[in-house]
Amino acid sequence: MQGLVEALAAIGRPVIGLLAALGRMVLFGLRALSSAAAPPYYPMRFAQQLAHIGWLSLPVVGLTALFTGAALAQQIFVGGSRFNAESTVPAVTVIAIVRELGPVLAGLMVAGRVASAMAAELGTMRVT
């Protein structure tokens, strides 16, 4: 009987620890959501961040799409010229960029640009 109790206790300790950690994470998330919904609100700062993250990222995303599309079109042209299919290069390039590469590259470029800007801003705050 004593061995059974010890075995169950050995199993129960990690499970209780896991549940306690999970409970702390849930409480942290609930506190974060309630803090985000509570005043004060800063609509002007929110609008500035929207412009900074979205609108000012368009040149970076556009240049990335332009050069990726050019490289992709060149590769498709080389492959398509073997089969006399040069006329399909624009259609295949547009489909590939819009459907597959566009969202991935846009997400990576925006995340990289915005994350580096935020890191630089935090570094500046830390220095001053």
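The values are calculated or read from the model by the stated rules, or taken from the named source; none is laboratory data. Note that the structure is predicted; figures quoted are calculated from it, not measured. Virtual Cβ from ideal backbone geometry, glycine too; neighbours counted across all protein chains shown. For accessibility, only protein heavy atoms count, side chains too; no ligands or nucleic acids. Shrake-Rupley method; radii C 1.70, N 1.55, O 1.52, S 1.80 Å.
So the values come out like this:
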| item | result |
| --- | --- |
| Calculated from backbone phi, Karplus (6.51, -1.76, 1.60) coupling profile of region 102-114 in Hz, x at Gly/Pro | x, x, 5, 5, 5, x, 5, 5, 5, 4, x, 5, 5 |
| Cα→Cβ-extended label distance, 7 Å offset, between Ser35 and Leu19, nm | 2.8 |
| Å² of accessible area per residue within region 1-62, as computed with a 1.4 Å probe and no ligands counted | 86 |
| Cα gyration tensor, region 1-52 - rounded (a/c under 1.5), prolate or oblate | prolate |
| Segment Leu58-Leu101, extension gain: residue separation times 0.36 nm, minus the distance between their alpha carbons | 13.9 nm |
| Candidates per chymotrypsin sites (Phe, Trp or Tyr not before Pro) in region 1-86, loop by DSSP, up to 13 other Cβ within 10 Å | Tyr41, Phe83 |
| The chain, relative contact order [Cα under 8 Å, separation at least 6], % | 25 |
| Per residue Cα convex hull volume in Å³ - calculated over the chain | 268 |
